[in-house]
Amino acid sequence: MNVNIGIIGGGLMGREITSAFARWCALVDMPVTPVLKAVADLNPEVLSWFEKIPSVTQRVSDYHELLANPEIEVVYVAVPHHLHEEIYVNVLRAGKDLLAEKPFGIDLKAAERICEVIEETGRFVRCSSEMPFLPGGQRAFEVARSGKLGRVLEVVSGFHHASDLDPTKAANWKRISKTCGEGGVLNDLGMHACHLPLRLGWEPKRIFAQLQKGYPERPDGRGGKAECDTWDNALVHGWSEIGGEDVPVRLEMKRLQPGATNTWFIEILGTEGGVRYSTADTKGLWLFERGKEQFWKRSELGFETAFKTVTGGIFEVGFADVIQQMWASYLLERAGLLDGRFGCAKPEEALASHRIFAGALDSHENSKVVEL
Ligand SMILES: NC(=O)c1ccc[n+]([C@@H]2O[C@H](COP(=O)([O-])OP(=O)(O)OC[C@H]3O[C@@H](n4cnc5c(N)ncnc54)[C@H](O)[C@@H]3O)[C@@H](O)[C@H]2O)c1
């Protein structure tokens, strides 16, 4: 079954998704195939990149033209955050299904409105968050659900990078609150940190947050300077009810973490077992075992993905692979063929992540614990 796709926003992520579609043959026993038909982007250079994709028959600067194309069934939107609400709502009202980029609107209010329109239109919508599709993410999820952890003592989930430590890096829309959102790094990296804890039913009941800003000014890329006002680092200390206990759950989102490059990690510690995984050690999965002696055991994961591929089991999984896994999951779930495998972030999870971000802003500003 072919599914015709349109992309609004062909920048970094729009192109990444295009490449995942271009090697769809990597997936085996895959009954659904995405066919990229249309791209909308304001930038003519971006649009011309898509000339090399033979299936693309429509390249437009006005995304309304893409939405008017009756061939398009699913739209992927990857634009700056201040445009999410308007474009997502228009996609849904045009009768299309949606894979929305995080953070699912610029703030909680926008996320609530998007959810109302999903309800109203009944379209199939998921929010982009690919990291849990890594074999380490999948194993951590299984371990957490296995019931073998004993009493859960602590959970840490986060996403770090370091690129903002370079003061010569040019500013872009992600460093300006007007376009990235008041949440700054919470909007940028928060869904990655929240997805697994939320999927496990561990939404914090109350939180305390510490936020930090980066450089107030950066080169604007045109020889001048641009003001940057977003939060760059966020530590959100939460309490979640797990097994009837109040358990500390810490969410870490940082753009100023010395040495880190797109490092997604999760650690779940219990009295009987535990699991630790970080993309900084892509293949390494750490499992805790308590017996007479206590052990942290490390094993190297191979290409163990939820959606099978032709890639040999001894090889390693990377970013491009999990983007493809996420799309396989989206298209199969949309077709009713997920069969219990891991699904993409749901609108209610994206909305819950925004409740955490809004609470974190309030907590930091007023230096208080916020009930969610
Ligand atoms: N899932 C992930 O791992 C991941 C990684 C990076 C970014 N993102 C998300 O993807 C989205 C886009 O980020 P990016 O890094 O690709 O940004 P980007 O700046 O590289 O690309 C955005 C594109 O949107 C286009 N655009 C802006 N306004 C438009 C409009 N009105 N109509 C059509 N096109 C328009 C721009 O010209 C640009 O090409 C954001 O929501 C971001 O948070 C997700």
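Compute the longest continuous run of the chain that contains no exposed GluC sites (Glu not before Pro); treat a site as exposed when its DSSP state is not H, G, I, E or B and it has at most 14 other Cβ atoms within 10 Å.
Values: sites that count: E71, E272, E293, E304, E316.
Between the exposed loop sites, the longest stretch runs 72-271.
Relative contact order for the chain using alpha-carbon pairs under 8 Å, separation at least 6, rounded to a whole percent?
Computed value for the chain: 19 percent relative contact order.
Only four residue types carry charge here, +1 at the Cβ of Lys and Arg and -1 at the Cβ of Asp and Glu. Report the dipole size of region 48-157 about the Cα centre in Debye, rounded to the nearest 20. Present the calculation step by step, with values, prior to reporting the outcome.
Details: 13 positive and 17 negative charges, 120 e Å.
Here region 48-157 has a charge dipole of around 580 debye.
Taking 0.36 nm per intervening residue step and subtracting the Cα-Cα distance, what contour gain separates A26 from Q210 on full extension?
Length gained between A26 and Q210: 62.0 nm.
So what are the ³J(HN,Hα) numbers for region 3-16, from phi and the Karplus equation (6.51, -1.76, 1.60; θ = phi - 60°), rounded to whole Hz, Gly and Pro as x?
For region 3-16, the Karplus-derived couplings read 10, 7, 10, x, 10, 10, x, x, x, 3, 7, x, 6, 4 Hz, x marking Gly and Pro.
Using the count of nearby Cβ atoms within 10 Å as a rough guide to exposure, how do T57, T179 rank from fewest to most?
T57, T179
In the chain, with Lys and Arg counted as +1 and Asp and Glu as -1 at Cβ, which of these residues, S55, F315, A352, has the Cα nearest the positive end of the dipole, that is, farthest along it?
Farthest towards the positive pole: F315.
Distance in nm between label sites at E65 and R93, each 7 Å beyond Cα in the beta-carbon direction?
Distance between the two pseudo-spin positions: 2.1 nm.
If you look for lysine pairs in region 2-127 that are eight or more places apart or on different chains, how many of them have Cα atoms under 23 Å apart?
4
Enumerate the lysines that K148 could reach by cross-link, defined here as Cα to Cα under 20 Å, with residues fewer than 8 away along the same chain left out.
Qualifying lysines at Cα under 20 Å: K292, K297.
If r is the Cβ-Cβ distance from E142 to E116 and R0 is 41 Å, what FRET efficiency results, to the nearest 0.05?
Working: r = 34 Å, r/R0 = 0.84.
It comes out at approximately 0.75.
Please go through region 208-261 and write out the chymotrypsin sites (Phe, Trp or Tyr not before Pro) that DSSP classes as loop and that have at most 15 other C-beta atoms within 10 Å.
none
Laboratory data are not the source of any read-out in this text; all were calculated from the coordinates shown. Being a predicted model, the structure only gives us computed values, none of them experimental. Cβ atoms come from the backbone with ideal geometry, glycine included; neighbour counts cover every protein chain shown.
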